[in-house]
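The values are calculated or read from the model by the stated rules, or taken from the named source; none is laboratory data. Computed from a prediction, not measured in an experiment: that's the story for all the values here. A quick note on method: Cβ atoms are made from the backbone with ideal geometry, for glycine too, and the neighbour counts reach across all protein chains shown. Side chains included, ligands, DNA and RNA excluded: accessible areas come from the protein's heavy atoms. Shrake-Rupley method; radii C 1.70, N 1.55, O 1.52, S 1.80 Å.
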Amino acid sequence: MKMQFRKLFIVAFGVTLFACSSKQQTGFGGAAEYAVITLEPQSVALSSSYPATIRGRQDIEIRPNVSGFITQLCVDEGATVRKGETLFIIDPVQYEEAVNVARAAVNVAKANVATAQLTTDNKRELTKKNIISQYDLQMAENTLASQKAALAQAEAQLVNAEKNLSYTKVVSPSDGVVGTIPFRVGALVGPTTATPLTTVSDISKMYVYFSMTEKQLLDLIRQDGSSTGVLQKMPEVELVLADGSLYPEKGKIETISGVIDQATGAVSVRAAFNNPQYLLRSGGTGSIQIPSVMEEALLIPQKASYELQDKKFVYVVQADSTLKNTEIQIFNLDDGKNYVVTAGLNPGDQVVIEGVGTLRDGQRIKPITPQESAAKISAMTQKQGEAEKK
């Protein structure tokens, strides 16, 4: 019985306290008190987010220059390779023999040139002594020129054979990471094979591509005067990865496409990020965040507004302490807590920031500061806590 009486006493005390608090807020029969803020222009930091795709600085398809069977895989998928490192070895036997044949042909051609040179020198001396005619000398010189041309051709064939032999070692053209390897030892490959042997992605520096609408691009150009000015004045951008984490390196926007896609009405933009830890991989996704600062902006808490037929309204306190519901326009970006008002309000306006759902147009209130409202709520909460302890 004592416990029940104590509970009834606490409930009754809470009701009495709430009633007293209500009377205090309404000024004992006067207008109710509501927290308001006075709008003052200020600088607001915003961040625009754009879906993005990640590509390596170079995604190089590795294709063979000669035909043959793969005899050795020197790397595995996902391996990090250096420029010039061997990736695949194609059976070199036929190309080694081609080099030997070409080298022998060069030696034969050199011997023929030497013979033709001796013949020409001999006939030149005989011509000086009028033993043979000028015709015989000219024929000898023509034979020498023909043998020299044959030697040059044989040497060119040797160079080509040596190059083909070197091509049996397929090497990486740059530093990077090896992609998928669809061919294994024993597979027959060649220059006409549709599928590349693999792809080497240079991911020391990554390109992040995203799209910007025509309107957004025009806004930037108007602010900075030209597309060149936009690139020079663009702030460093950040990359949010697919898991929601923020990439530690900041990037820089390098290019903006000069052509607007007629199908989407957007332009392609490329930002570059260093990738020292190889955390980013080609083909990944994320979102680019571009910070910006809006000067002379009017900021209101989101809780100070309400929606009606897809329009946003706030209550503005008039000179006689009555309320006027006012439609506002807001910036298309927000931080989840505040709105940047672009139209509908002016500096110096007083906006109600609490209890918006209970107000009505033309209602008279007693404006108080947010600090005063917080103090009243804190005091009431403290009294309720003390009552519950008794």
With respect to the cross-link table entries LYS312/LYS337; LYS83/LYS233; LYS337/LYS376; LYS233/LYS312; LYS250/LYS312; LYS303/LYS366, which display a Cα-Cα separation exceeding 25 Å?
LYS83/LYS233; LYS233/LYS312; LYS250/LYS312
In the full protein assembly as shown, how much of ARG364 is accessible to a 1.4 Å probe, in Å² to the nearest 10?
130 Å²
With θ set to phi - 60° and the Karplus curve 6.51 cos²θ - 1.76 cosθ + 1.60, what are the ³J(HN,Hα) couplings of region 55-66 in order, to the nearest whole Hz, using x for Gly and Pro?
9, x, 4, 9, 10, 9, 6, 9, 10, x, 8, 10
Between GLN384 and ASP59, take the C-beta separation as r, use R0 = 51 Å, and let me know the FRET efficiency to the nearest 0.05.
0.20
Mean separation of Cα contacts under 8 Å (at least 6 apart) over the residue count of the chain, i.e. the relative contact order in percent, is 27 percent
How long is the gain from ALA194 to LYS128 if the chain were fully straight, where each residue apart is worth 0.36 nm and the alpha carbon distance is subtracted?
17.2 nm
Under 10 Å, Cα contacts only: if you run a Gaussian network model on the chain, which one of LYS311, LYS205, LYS233 comes out with the highest mean-square fluctuation?
LYS311
Report the Cα centroid-to-centroid distance between region 336-353 and region 67-91 in angstrom, as an integer.
64 Å
Simple SL model, points at 7 angstrom along Cα→Cβ for ASP136 and ALA263; separation in nm is 8.0 nm
On the accessible surface of the chain, probed at 1.4 Å, how many percent belong to carbon and sulfur atoms?
53 percent
Rounded to 0.05, the calculated FRET efficiency for the beta carbons of GLN117 and TYR278 at R₀ = 51 Å is 0.25
Gaussian network model of the chain, Cα springs within a sub-10 Å range: biggest mean-square fluctuation belongs to which of GLN329, GLN309, GLN134?
GLN309
For GLN94 paired with ALA187, estimate the spin-label separation in nm (one decimal), with each label point 7 Å from Cα along the Cα-to-Cβ line.
1.9 nm
Length added when fully stretched, ILE377-VAL101, from 0.36 nm per residue minus Cα-Cα
89.5 nm
Computed from the coordinates I sent, volume of the Cα convex hull per residue in Å³ equals one of (i) 134; (ii) 282; (iii) 122. Tell me the label.
(ii)
If a paramagnetic tag sat 7 Å from the Cα of THR326 along the Cα-Cβ line, which residues of region 338-361 would have the backbone N under 12 Å from that point?
341-352
What nm value, rounded to one decimal, do you get for the distance between TYR306 and LEU231 when each label is placed 7 Å out toward the C-beta?
5.1 nm
Calculated from DSSP H runs of 4 or more alone, at -39500 (n - 2.57) each and per residue, what is the 222 nm mean residue ellipticity of the chain, nearest 500?
-11500 deg cm²/dmol
Given a 1.4 Å probe, how much area per residue of the chain is accessible, in Å²?
60 Å²
Using only alpha carbon pairs under 8 Å that are at least six residues apart, calculate the relative contact order of region 225-375 and give it in whole percent.
18 percent
Counting only protein heavy atoms and leaving out ligands, DNA and RNA, the solvent-accessible surface of TYR339 at a 1.4 Å probe, in Å² to the nearest 10, equals 30 Å²
So if each residue of separation counts as 0.36 nm, and I subtract the Cα-Cα distance between VAL108 and ARG364, what length gain in nm does that give?
80.9 nm
